[in-house]
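The values are calculated or read from the model by the stated rules, or taken from the named source; none is laboratory data. Predicted model, so just to flag it, every value in this text is computed and none were measured. As a convention, Cβ positions derive from the backbone with ideal geometry for all residues, glycine included, and neighbour counts pool all protein chains shown. All accessible areas refer to the heavy atoms of the entire protein, side chains included, with ligands and DNA or RNA removed. Shrake-Rupley method; radii C 1.70, N 1.55, O 1.52, S 1.80 Å.
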Amino acid sequence: MAHHDQKIDTMLDDTLAALGGSAPATTPDTGVNLIQEWIGVVRSNVSTQWVAEPLEKLRDAINGNNIRDVERILYDLSGETIDLANNAAQGEYKERLQNLSTALKDFARNLAN
């Protein structure tokens, strides 16, 4: 389980860096690869399997270069992430998921401009 938690920690760091613009050379392909990793992680836990569907929609919207859908899905994921943080997450993940929710919303807002 420690390896799984370490993977999640790394993925949260990578996702926050990508959304915040501090990751070097973030491209749509990099984002799609990261989303695909998240899909694998959320599918591995019964309590988070429901997150796979919106992540798949986000991946498909990025691959289709559909900016409006990407923006809408990011806003939706932001709300779902804060719900997950408030209702399911404990300890360190609660705050990190809240930060992820904010980053998703901010990224979506920047796409809209």
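The table below gives the values:
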item: Residues within region 87-109 that are over 16 Å from the mean Cα position of the chain (by Cα) and either surrounded by 14 or more Cβ atoms within 10 Å (Cβ to Cβ) or part of a helix (DSSP H, G or I) (or both), tallied; result: 2
item: Residue satisfying condition, being in a loop (DSSP other than H, G, I, E, B) and under 21 Å from residue 96 (Cβ atoms), within set 26, 15; result: 26
item: Filtered residues of region 42-61 (kept if open to solvent by 40 Å² or more (accessible area, probe 1.4 Å) and either in contact with a helix residue (DSSP H, G or I) (Cβ under 6 Å, 6 or more places away or on another chain) or touching a residue at least 12 places away in the same chain (Cβ under 8 Å) (or both)); result: 43, 44, 47, 49, 56, 57, 59
item: Count of residues meeting criterion [under 22 Å from residue 10 (Cβ atoms) and open to solvent by 50 Å² or more (accessible area, probe 1.4 Å)] in region 62-81; result: 1
